[in-house]
Amino acid sequence: ETIRLVETTDLGAAVPIPQHVPWFPKDVPAWSVRWVMFHMIEELARHAGQGDIIRESIDGATLYELLAGLEGWPETEWLKPFSPA
């Protein structure tokens, strides 16, 4: 659905900025659809990263340990593939 939306939407179209919201800029009347979509992708990535930090604090696994466990890498002296307890 996202791909369809990007393919069929005028990315240069203006999205009005509510002027009564105190944290929105007063000197910009609108953002482009492109800017809004990029901002949503950026926010999703940021929050996914924060979620990963929380997950890592719970299970202790880093990217390489998770990837090693997922892809079945052999254990080495510096890497132990993650395996859920």
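Free of any chymotrypsin sites (Phe, Trp or Tyr not before Pro) that DSSP assigns to a loop and that have at most 13 other C-beta atoms within 10 Å, the longest stretch within the chain is 24-77.
Oblate is the label for segment 2-60, because the ratio a/c of its alpha-carbon gyration tensor axes (a ≥ b ≥ c) is 1.5 or higher and a/b is not greater than b/c. Counted residue by residue at 0.36 nm each, then reduced by the alpha carbon distance between them, the extension gain from Ala85 to Ala13 reaches 20.9 nm. Annotation for the chain: GluC sites (Glu not before Pro) lying in DSSP loop with at most 16 further Cβ atoms inside 10 Å of their Cβ are Glu1, Glu75, Glu77.
Quick check for me: using +1 on Lys/Arg Cβ and -1 on Asp/Glu Cβ, what's the dipole size of the chain about its Cα centre, in debye to the nearest 20?
Rounded to the nearest 20 debye, it is 400 debye.
Each of Lys26, Lys80 has some number of other Cβ atoms within 10 Å of its Cβ, and from fewest to most they run Lys26, Lys80.
With each label modelled as a point 7 angstrom along the Cα→C-beta vector, the Ala45-Thr2 pair spans 1.1 nm. Put in order of Cβ neighbour count within 10 Å, fewest first, the listed residues Ile41, Ile58 become Ile58, Ile41. Farthest toward the positive end of the dipole of the chain, out of Gln50, Thr8, Gly72, is the Cα of Thr8, where the dipole comes from beta carbon charges about the Cα centre.
Read-outs: derived from the displayed coordinates by stated rules, not from any lab. Remember, it's a predicted structure, so these values are computed and weren't measured experimentally. So basically every Cβ, Gly included, is an ideal-geometry build from the backbone, and we count neighbours across all protein chains shown.
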